[in-house]
Amino acid sequence: QVQLVESGGGLVQPGGSLGLSCAASGSRFSIYAMGWYRQAPGKQRELVAAIRSGGRTNYADSVKGRFTISRDNAKNTVYLQMNSLKPEDTADYYCNAQTPKGDYWGQGTQVTVSS
């Protein structure tokens with residue numbers, strides 16, 4: 001019922017920056033929270049950052065001070081600004097939305113940090 005479309009992934013050098021966007025559509029009800037998760041090869045999917053409608057944010061310790069999550073509630077969009085990227089940030093990044101009808105996921109976008 002809810003579609004999440006991600007954009008902004010790609011290849012970036014260590015120390016560089018990259019911005020991810022996710023737009024939610026198809027929902028007639030409020031989205032409680034949106035966030036970004038990532039999954040690297042051989043690892044479990046992990047929370048990167050999340051934001052509530054009210055603006056409260058949560059970050060993984062590994063990205064604190066480097067990543068910033070923001071949200072446009074009116075447009076049901078979430079943005080992740082990633083600075084000072086490291087090779088260990090390389091992963092597939094997934095957008096997530098929490099709604100009264102359940103959780104929804106985007107298709108994922110690949111982020112590769114390499115020289």
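The values are calculated or read from the model by the stated rules, or taken from the named source; none is laboratory data. Treat the numbers as computed from the prediction; the structure is a model and nothing was measured. Heads up, the Cβs are rebuilt from the backbone with ideal geometry, glycines too, and the neighbour counts pull from every protein chain shown. For the accessible areas, the whole protein counts, side chains as well, though only heavy atoms, and no ligand, DNA or RNA atoms are used. Shrake-Rupley method; radii C 1.70, N 1.55, O 1.52, S 1.80 Å.
Observations, loosely collected:
- In the set SER70, SER30, SER62, only one residue is at negative phi, polar (S, T, N, Q) and under 11 Å from the mean Cα position of the chain (by Cα); that residue is SER70.
- Scan of the range 52-80 for residues that are hydrophobic (A, V, I, L, M, F, W, C) and closer than 15 Å to ILE31 by Cβ, ordered by number: ILE69, ALA74, VAL78
- The range 91-101, subset among the polar types (S, T, N, Q) and open to solvent by less than 40 Å² (accessible area, probe 1.4 Å), residue nearest to LEU47 (Cα to Cα): ASN96
- Any hit, the range 2-20, residues being among the charged types (D, E, K, R) and surrounded by fewer than 19 Cβ atoms within 10 Å (Cβ to Cβ): no
- The set of residues from the range 78-90 being open to solvent by less than 40 Å² (accessible area, probe 1.4 Å) and in a strand (DSSP E or B) comprises VAL78, LEU80, MET82.
- Test: residue in the range 1-20 that is acidic (Asp, Glu) and in contact (Cβ under 8 Å) with a residue 60 or more places away in the chain: yes
- Qualifying residues in the range 87-114 (those that are more than 12 Å from the chain's Cα centre (by Cα) and of a type in the set (Gly, Ala, Ser)) - the one nearest to SER27 (Cα to Cα): GLY102
- Filter result for GLY55 (at pLDDT 95 or above, open to solvent by less than 50 Å² (accessible area, probe 1.4 Å), among the small types (Gly, Ala, Ser) and not in a strand (DSSP E or B)): no
- Yes/no for LEU80 being more than 10 Å from the chain's Cα centre (by Cα) and touching a residue at least 60 places away in the same chain (Cβ under 8 Å): no
- When the residues of the range 91-115 are filtered to those that are in a strand (DSSP E or B) and among the small types (Gly, Ala, Ser), the one that is modelled with the lowest pLDDT is GLY102.
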